[in-house]
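First the structure, in the form of structure tokens, and then the observations on it.
The values are calculated or read from the model by the stated rules, or taken from the named source; none is laboratory data. This one's a predicted model, so the numbers in the text were calculated from it and none came from an experiment. With ideal geometry, Cβ positions are generated from the backbone for all residues, glycine too; neighbour counts draw on all protein chains shown.
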Amino acid sequence: MNVIIEFAVSVLILLGAVFALLGSIGLARLPDFFTRLHGPTKATTLGVGAMVLASAIYFTATQPGVSLHEIAVMVFLFITAPVTAHLLAKAALHRRGDRQPSPHPSPASGRGGNGDGRLFRSGNDCPLSLRERVGERDEVTQRQEEVK
């Protein structure tokens, strides 16, 4: 086998191993779900992609014909990893959506929802309806008009 091909395969394997290690460390060390999701989808995908590319180069150089199996795996990996990460992130946003502060300001806290920065009634895990939130803002508008 050619020295240049051996060097390219070695560099790709080392590069892939470094990216896979960094992605795995990110998965273990980062604080919340969304940042932990970033490590495996970016770094580990590049790492595994580099190793599969090294494998494709090696088997293309040592055997007759082009090694299409590794290329198919690499294309599948680069298509499915971002889609999976996107779906996981959307599911996580959907699950935590009712527990996040409302973007609409509230008179009591200036943040949102029912004055404590959340969209929940006090002492209850039932989300405030849109009508209740709009009603709060209508009361505020009436108070402001009375002051004028």
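Taking the listed residues ARG96, ARG133, the one that is over 29 Å from the mean Cα position of the chain (by Cα) and either surrounded by 15 or more Cβ atoms within 10 Å (Cβ to Cβ) or modelled with pLDDT under 85 (or both) is ARG133, with no other qualifying. For beta carbons closer than 9 Å, sequence separation of 6+ or different chains, a first residue in the stretch 26-41 that is over 18 Å from LYS90 (Cβ atoms) and a second that is surrounded by fewer than 16 Cβ atoms within 10 Å (Cβ to Cβ) and of a type in the set (Gly, Ala, Ser), the qualifying pairs are GLY39/SER24; GLY39/ALA28. Exactly one residue out of PHE34, PHE7 is among the aromatic types (Phe, Trp, Tyr) and more than 19 Å from THR84 (Cα to Cα): that is PHE7. If you go through the stretch 47-90 and keep only what is assigned to a helix (DSSP H, G or I), over 24 Å from LEU22 (Cβ atoms) and of a type in the set (Val, Ile, Thr), you end up with THR60, THR62, ILE71. Checking each residue in the stretch 1-46 for being assigned to a helix (DSSP H, G or I) and touching a His at 6+ places or on another chain (Cβ under 8 Å) picks out only GLY26.
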